[in-house]
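K.L.:
Pasting a structure here, questions to come.
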Amino acid sequence: MDTVELTISQAAELLRKKQVSAVELTQSALQRINEAEPKIHAFLKVTPERALAQAKKAQALIDRGDEASPLVGIPMAHKDVYCTAGVETTAASNILRGYIPPYSATSALRIEQAGAVMLGKLNCDAFAHGASTENSDFGPTRNPYRLDCVPGGSSGGSAAAVAAGEVVFATGTDTGGSIRHPASFTNTVGFKPTYGRVSRYGIIAMASSTDCPGPITKTVEDCAYVLQVMAGHDTHDATSSRRPVPDYASFLGKNIKGWKIGVPNEYFSAGLDREVEKLTRTAILKFEELGATIEGTSLPLQDYALAVYYIIIPSEISSNLARYDGIKYGFSVEREPGFKVDDLLEVYRKSRGKGFGAEAKRRIMLGTYALSAGYYDAYYKKAMQVRELLRRNFLQAFEKYDLLLAPVSPTPPFRVGEKVGDPLKMYLSDIYTVTINLTGNPGVSVPCGFAGDLPVGLQIIGPHFGEAKILQAGYAYEQATRFYQQKPKI
Ligand code: GLN
């Protein structure tokens, strides 16, 4: 059985009909990993024994007719910022090398309890800082559609592993676009839920006010199944919402006739690649064919979103990364041969100096500067004020529209090495994704075609807790286009 082609719903059906066993499915995924990894390097760690043991348990559930979730027996993997009890978790950073968490992230635990089989941990930009997966301290991941291109980021390992059929689905985190961006680069579906819809407990924190765990899948239907399991209140995360989680799958297949959809012109700014613009506009016309009314609109503060993001997010990063001091977690110079401790500060300084990569250091410096006395009011406070206005912009837009449509990334996948030496260029990749992280809205990237042989995604943005609406529209669009059927040739 070949996992490359299978979606969750197809695999679940084969399992239920006993045409394949959970163990066979896991073995086939492991084999695929062996074939694909030398080319794409999506995994930081593969855990075959653990996976096969889980697969046996899943099969026992299936044999008893006990499979409550469509995820039972489905091979998957987590972005390496998800804490997984007993399995090394590094956030792709040297400073966490060797760190084995004593507990699992709530969403990872829920996926495990739903019966899914974890095959290992996936590469990403270190601490999720980046848009190409090149900031990983363990080497870049490659795009399965074109090996000389990046898979996007920061959840590039997750997106590449799904696209290459190494796993049937994966998890990612989206703090400024890190689920949607790599999904758009790999012809996969990446869902960023409303802030608070999925618990952040056990996710290595990047920026606590915007971090959102979510799924990367092959189809919108699969996305509904995984989100269903991940979403919901968690007593370990005070910011997780108590709102009941709707039955997402029940919205699939309903039409979107009469829906009002806004297209904000600020998302079609000067830096937008012509080919991406063409594909996005063609996708928008499809929604009209599906019965929605499309209207041009304006979200004036969108133009400031990237600047606001790159003040607030580094500020939170500088605070969240303070805990890696060479004492509590992972790497420490104290354990380096020949190192003598005569000064505690020296342990902090040297551990952080050696353990963090260039991008983490850059963000710690930016954030520390923006938060320092004398600059706090001019930068951080001002940015927070604009953020609030931006949030109101979106609230107003959703009084009028069911959904908004926009590009995900301003460019198609770019080449490995093309932007990594120029942080500002790299930051510009986030120009259309960071906004809804600041406002807390949910959004998805769904495949909308190819620029040559390079995948491009469309962004569907919804009102707060409008996940079901996004899935309903995303599914209708996907069924009308079926770009997801075009597989990479590796
Ligand atoms: N590319 C963005 C950044 O570097 C997004 C990161 C993310 O969502 N984790 O900040």
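K.L.:
Check 178, 158 and return the single one that is near the ligand (Cβ under 9 Å from one of its atoms) and either among the aromatic types (Phe, Trp, Tyr) or modelled with pLDDT of 95 or more (or both).
P.N.:
178
K.L.:
Sticking with this structure for a sec: Looking at 116, 131, which is the one that is away from the ligand (no atom under 16 Å from the Cβ), small (Gly, Ala, Ser) and crowded, with 23+ Cβ neighbours inside 10 Å?
P.N.:
Every option except 116 fails the conditions.
K.L.:
Okay, moving on. Can you list residue pairs whose Cβ atoms sit under 7 Å apart, with the first residue in region 219-241 being at positive phi and the second being surrounded by fewer than 20 Cβ atoms within 10 Å (Cβ to Cβ) and assigned to a loop (DSSP other than H, G, I, E, B)? Count only pairs 6 or more apart in sequence or on different chains.
P.N.:
232/245
K.L.:
Could you please let me know if residue 58 is surrounded by 19 or more Cβ atoms within 10 Å (Cβ to Cβ), of a type in the set (Gly, Ala, Ser) and touching a residue at least 40 places away in the same chain (Cβ under 8 Å)?
P.N.:
Yes: the conditions hold for residue 58.
K.L.:
For residue 20, work out the one condition from (1) under 17 Å from residue 216 (Cβ atoms); (2) assigned to a loop (DSSP other than H, G, I, E, B) it doesn't fulfil.
P.N.:
Checking residue 20 against (1) under 17 Å from residue 216 (Cβ atoms); (2) assigned to a loop (DSSP other than H, G, I, E, B), the one that fails is (1).
K.L.:
Provide a single number: the residues in region 448-474 that are surrounded by 24 or more Cβ atoms within 10 Å (Cβ to Cβ) and part of a helix (DSSP H, G or I).
P.N.:
So the answer is 6.
K.L.:
Okay, moving on. State which residue is surrounded by the most Cβ atoms within 10 Å (Cβ to Cβ) when the search covers only region 328-351 and only residues that are under 37 Å from the mean Cα position of the chain (by Cα) and either closer than 17 Å to residue 204 by Cα or acidic (Asp, Glu) (or both).
P.N.:
The qualifying residue surrounded by the most Cβ atoms within 10 Å (Cβ to Cβ) is 331.
K.L.:
Still on this model: Among the residues of region 266-286 satisfying the criterion of being of a type outside the set (Ser, Thr, Tyr) and within 16 Å of residue 452 (Cβ to Cβ), which is surrounded by the fewest Cβ atoms within 10 Å (Cβ to Cβ)?
P.N.:
Among those residues, the one meeting the criterion is 274.
K.L.:
Could I ask something else about it? Which one is nearest to the ligand (Cβ to nearest atom) among residues in region 419-443 that are more than 21 Å from residue 363 (Cβ to Cβ) and out of contact with any His (no Cβ under 7 Å at 6 or more places or on another chain)?
P.N.:
This residue is 443.
K.L.:
Taking into account only those residues within region 320-358 that are farther than 12 Å from residue 95 by Cβ and in contact with a Gly (Cβ under 7 Å, 6 or more places away or on another chain), which is modelled with the lowest pLDDT?
P.N.:
Filtering region 320-358 for residues that are farther than 12 Å from residue 95 by Cβ and in contact with a Gly (Cβ under 7 Å, 6 or more places away or on another chain), the one modelled with the lowest pLDDT comes out as 334.
K.L.:
Also, quick follow-up: How many of the residues making up region 61-79 are out of contact with any Phe, Trp or Tyr (no Cβ under 6 Å at 6 or more places or on another chain) and farther than 21 Å from residue 31 by Cα?
P.N.:
Residues meeting the conditions: 9.
K.L.:
Pairs needed: first member in region 337-356, of a type in the set (Val, Ile, Thr); second member anywhere, assigned to a loop (DSSP other than H, G, I, E, B) and surrounded by 13 or more Cβ atoms within 10 Å (Cβ to Cβ); C-beta distance under 6 Å; at least 6 residues apart or different chains.
P.N.:
347/326
K.L.:
Continuing with the same structure: Kindly establish whether residue 217 is out of contact with any Leu (no Cβ under 7 Å at 6 or more places or on another chain), away from the ligand (no atom under 16 Å from the Cβ) and farther than 25 Å from residue 319 by Cα.
P.N.:
Yes, satisfied.
K.L.:
Related question: Of the conditions (1) over 22 Å from the mean Cα position of the chain (by Cα); (2) surrounded by 21 or more Cβ atoms within 10 Å (Cβ to Cβ), residue 369 satisfies every one except a single condition; which number is it?
P.N.:
Residue 369 satisfies all of (1) over 22 Å from the mean Cα position of the chain (by Cα); (2) surrounded by 21 or more Cβ atoms within 10 Å (Cβ to Cβ) except (2).
K.L.:
Further question on the same structure: Here are some residues: 199, 250, 209. Which one is of a type in the set (Ser, Thr, Tyr) and crowded, with 23+ Cβ neighbours inside 10 Å?
P.N.:
199
K.L.:
Here's another thing I want to ask about it. Is it the case that some residue within region 248-266 is more than 23 Å from the chain's Cα centre (by Cα), assigned to a loop (DSSP other than H, G, I, E, B), among the aromatic types (Phe, Trp, Tyr) and more than 16 Å from the ligand (Cβ to nearest atom)?
P.N.:
Within region 248-266, one or more residues are more than 23 Å from the chain's Cα centre (by Cα), assigned to a loop (DSSP other than H, G, I, E, B), among the aromatic types (Phe, Trp, Tyr) and more than 16 Å from the ligand (Cβ to nearest atom).
The values are calculated or read from the model by the stated rules, or taken from the named source; none is laboratory data. Keep in mind it's a predicted model, so treat the numbers as computed, not measured. We place every Cβ from the backbone using ideal geometry, glycine too, and count neighbours over all the protein chains shown.
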